[in-house]
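Engineer: Can you keep this structure in mind? I'll have questions shortly.
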Amino acid sequence: MNILATILGAISLFAACKNGGNTRGTTSANQVSAAVVGEALPSFTLINDKGESISTESLKGKTVFVNLWATWCPPCVAEMPGIESLYSQTGNEQNAFVLISLDDDFETAKAWMAKKGFKTPIYYTRELPELFQVGSIPTTFIFDKNGKIVFKAVGGDNYNTPRFQKLMKG
């Protein structure tokens, strides 16, 4: 029985969480439009962990890593150390990391990041653009310096790899 529990636990770490636990910023799967390479980063307002509003317009000219996540999602939590490592290696003035928390209470996400000692910037938004209304999380997008999607993934991944370092260095 312990082997079965271990296997099921491992599967849940690498699967995506259905975004049914959160009603903010979600739609049913048949309403979600598929993101395609080349689609533009939408213009909207983010709120950072200090309560400051930041427009995605201010990210123009940067490579932008966007990750939709929540503290209640095991694959989101599992991939966070790799995202933190990628951020620590490539975070600079030429790119931006935008981790959008889908937790119902942003304070939960802030406390979780602080407890882990992670420095990657986290945000929330009151109105999630259609592009980011995904059926499962984690979902990650990378936009190039021209604001166009060059990468999209649904489900957990290891972002601390040469491939992603190269994408972020654009």
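The values are calculated or read from the model by the stated rules, or taken from the named source; none is laboratory data. The model shown is predicted, which means the values in this text are computed figures rather than measured ones. Here Cβ is always computed from backbone atoms with ideal geometry, including for glycine, and neighbour counts include all displayed protein chains. These accessible areas exclude ligands, DNA and RNA; they are computed on the full protein's heavy atoms, side chains included. Shrake-Rupley method; radii C 1.70, N 1.55, O 1.52, S 1.80 Å.
Engineer: If you take the residues of region 103-133 that are among the acidic types (Asp, Glu) and farther than 19 Å from LYS152 by Cβ, which of them is nearest to the chain's Cα centre (by Cα)?
Structural biologist: The qualifying residue nearest to the chain's Cα centre (by Cα) is ASP103.
Engineer: Another one. Considering only residues of region 116-170 that are among the β-branched types (Val, Ile, Thr) and part of a loop (DSSP other than H, G, I, E, B), which is surrounded by the fewest Cβ atoms within 10 Å (Cβ to Cβ)?
Structural biologist: The qualifying residue surrounded by the fewest Cβ atoms within 10 Å (Cβ to Cβ) is THR161.
Engineer: Then there's this: Residues being among the hydroxyl-bearing types (Ser, Thr, Tyr) and in contact with a helix residue (DSSP H, G or I) (Cβ under 6 Å, 6 or more places away or on another chain): count how many of those fall in region 117-135.
Structural biologist: Number of matching residues: 2.
Engineer: Got at least one residue in region 140-152 being without any contact (Cβ under 8 Å) to a residue 40 or more places away in the chain and among the small types (Gly, Ala, Ser)?
Structural biologist: no
Engineer: Restricting to region 89-115, give me the number of residues that are part of a loop (DSSP other than H, G, I, E, B), open to solvent by 40 Å² or more (accessible area, probe 1.4 Å) and in contact (Cβ under 8 Å) with a residue 60 or more places away in the chain.
Structural biologist: 2
Engineer: Within region 52-71, is even one residue in contact with a Leu (Cβ under 9 Å, 6 or more places away or on another chain), in contact (Cβ under 8 Å) with a residue 24 or more places away in the chain, among the small types (Gly, Ala, Ser) and open to solvent by 30 Å² or more (accessible area, probe 1.4 Å)?
Structural biologist: No, every residue in region 52-71 fails to be in contact with a Leu (Cβ under 9 Å, 6 or more places away or on another chain), in contact (Cβ under 8 Å) with a residue 24 or more places away in the chain, among the small types (Gly, Ala, Ser) and open to solvent by 30 Å² or more (accessible area, probe 1.4 Å).
Engineer: Just for region 39-59: of the residues that are aliphatic (A, V, I, L, M) and in contact with a Ser or Thr (Cβ under 8 Å, 6 or more places away or on another chain), which one is nearest to PHE143 (Cα to Cα)?
Structural biologist: Restricting to residues being aliphatic (A, V, I, L, M) and in contact with a Ser or Thr (Cβ under 8 Å, 6 or more places away or on another chain), the top hit is LEU41.
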